[in-house]
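Asks: Here's a structure for you.
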């Protein structure tokens, strides 16, 4: 009989992709206007082999002065996780909540460090509630499956 003990292990954390662009330098650096910061987060997951998954969290930070880009940072932090013998109904939660929560602090540090090293004030990404994001995504998918009508209840 095979061992059916649930397994959840981090195999590796790594920076998968990093980009910094300053397309309007040096002229824009002389602007005195307050920059506008736009932050977008994304998450992805894919199986690597049986029981092994790569989970990624991406942050794209676009900072503009007036209508010109001051700088753009895109960072993708990844982790390889071994997940075995976990009930199927729990897998999506582990991949969409637990794994990103482990990866995100590394991503926050990288974004802040890159901004500082580029000569700008650090951009501090806020904490993210991956559980609330997952629940909202599940509710949206359920609403679409029910023909687009749903009742949304508050999430604390």
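The values are calculated or read from the model by the stated rules, or taken from the named source; none is laboratory data. Here the structure is a predicted model, which means the values were calculated and not measured. Every residue, glycine as well, gets a Cβ built from its backbone with ideal geometry; the counts of neighbours run over all protein chains shown.
Asks: Please give the number of the condition residue 121 fails out of (1) touching a helix residue (DSSP H, G or I) at 6+ places or on another chain (Cβ under 8 Å); (2) under 19 Å from residue 11 (Cα atoms).
Replies: Tallying (1) touching a helix residue (DSSP H, G or I) at 6+ places or on another chain (Cβ under 8 Å); (2) under 19 Å from residue 11 (Cα atoms), residue 121 fails exactly one: (2).
Asks: Just to be sure, is residue 139 out of contact with any helix residue (DSSP H, G or I) (no Cβ under 6 Å at 6 or more places or on another chain), over 29 Å from residue 70 (Cα atoms), assigned to a helix (DSSP H, G or I) and at pLDDT 85 or above?
Replies: So residue 139 fits the description; yes.
Asks: With the requirement that a residue be surrounded by 17 or more Cβ atoms within 10 Å (Cβ to Cβ) and more than 15 Å from the chain's Cα centre (by Cα), what does the range 93-119 give you?
Replies: Answer for the range 93-119, where residues must be surrounded by 17 or more Cβ atoms within 10 Å (Cβ to Cβ) and more than 15 Å from the chain's Cα centre (by Cα): 114, 115.
Asks: Now a separate question. In this structure, does residue 48 turn out to be at pLDDT 95 or above and under 15 Å from the mean Cα position of the chain (by Cα)?
Replies: So residue 48 fails the test.
Asks: For the range 129-138, indicate whether the set of residues that are touching a residue at least 40 places away in the same chain (Cβ under 8 Å), more than 11 Å from the chain's Cα centre (by Cα), surrounded by fewer than 13 Cβ atoms within 10 Å (Cβ to Cβ) and more than 30 Å from residue 23 (Cβ to Cβ) is non-empty.
Replies: no
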